[in-house]
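The values are calculated or read from the model by the stated rules, or taken from the named source; none is laboratory data. Given the structure is predicted, the values throughout are model-derived calculations rather than measurements. So basically every Cβ, Gly included, is an ideal-geometry build from the backbone, and we count neighbours across all protein chains shown.
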Amino acid sequence: MNTQRNETYLNHPTFGLLYRICALDEEQEIFTTLYAQRLFFTVTIKVDRFTFEPMSRSDARLLIETRLRRLRNTSSEEYQQLYEIYQRTFQ
């Protein structure tokens with residue numbers, strides 16, 4: 001089993017380095033501030049720009065829980081990786 005993880009970071013103009021938690025779909029992902037993990041953003045990725053939308057911690061948690069439910073039956077490796085991130089971030 002390959003346990004290597006790809007980590008993705010973005011530099012936000014105000015909040016600095018953001019860490020990617022998970023993809024929501026092909027164009028949208030959830031990021032959090034790297035060190036505090038208290039500020040969350042949905043990042044929409046287009047060919048020519050990135051759009052950052054702040055969200056509350058509870059909204060981010062809800063979106064990630066929804067993603068976990070979808071992954072539970074389809075991708076056990078991706079589910080396990082996201083579940084570990086979820087545990088570190090919200091527990």
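Would you tally the residues in the stretch 55-70 being hydroxyl-bearing (Ser, Thr, Tyr) and over 16 Å from ARG88 (Cα atoms)? So that I can check it myself, show each step before the final result.
Start the filter on the stretch 55-70 by keeping residues that are hydroxyl-bearing (Ser, Thr, Tyr), which leaves 56, 58, 66.
Still in the running and over 16 Å from ARG88 (Cα atoms): 56, 66.
Of the residues in the stretch 55-70, 2 are hydroxyl-bearing (Ser, Thr, Tyr) and over 16 Å from ARG88 (Cα atoms).
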Practice problem: Note down all Cβ pairs under 9 Å where the first residue falls in the stretch 63-83 and is modelled with pLDDT of 95 or more, the second is surrounded by 11 or more Cβ atoms within 10 Å (Cβ to Cβ) and among the β-branched types (Val, Ile, Thr), and they're at least six residues apart or on different chains. | Solution: LEU63/ILE30; LEU63/THR42; ILE64/ILE21; ILE64/ILE30; ILE64/ILE85; ILE64/THR89
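Looking only at the stretch 65-84, count how many residues are in contact with a strand residue (DSSP E or B) (Cβ under 6 Å, 6 or more places away or on another chain) and within 15 Å of TYR19 (Cα to Cα). If you could, list the steps in order and put the result at the bottom.
The initial filter retains those residues of the stretch 65-84 that are in contact with a strand residue (DSSP E or B) (Cβ under 6 Å, 6 or more places away or on another chain), namely 67, 82.
The next check asks that each one be within 15 Å of TYR19 (Cα to Cα); those that pass are 82.
Of the residues in the stretch 65-84, 1 are in contact with a strand residue (DSSP E or B) (Cβ under 6 Å, 6 or more places away or on another chain) and within 15 Å of TYR19 (Cα to Cα).
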Quiz item: Across the stretch 32-54, what is the number of residues that are under 15 Å from PHE90 (Cβ atoms), without any contact (Cβ under 8 Å) to a residue 24 or more places away in the chain and surrounded by 17 or more Cβ atoms within 10 Å (Cβ to Cβ)?
Solution: 1
Quiz item: Inside the stretch 55-91, can you point out the residues that are surrounded by 11 or more Cβ atoms within 10 Å (Cβ to Cβ) and not in a helix (DSSP H, G or I)?
Solution: MET55, SER75
Quiz item: Listed residues ASN11, ASN6; which is part of a strand (DSSP E or B) and surrounded by fewer than 11 Cβ atoms within 10 Å (Cβ to Cβ)?
Solution: ASN11
Quiz item: Is at least one residue of the stretch 35-45 within 12 Å of the chain's Cα centre (by Cα) and part of a loop (DSSP other than H, G, I, E, B)?
Solution: yes
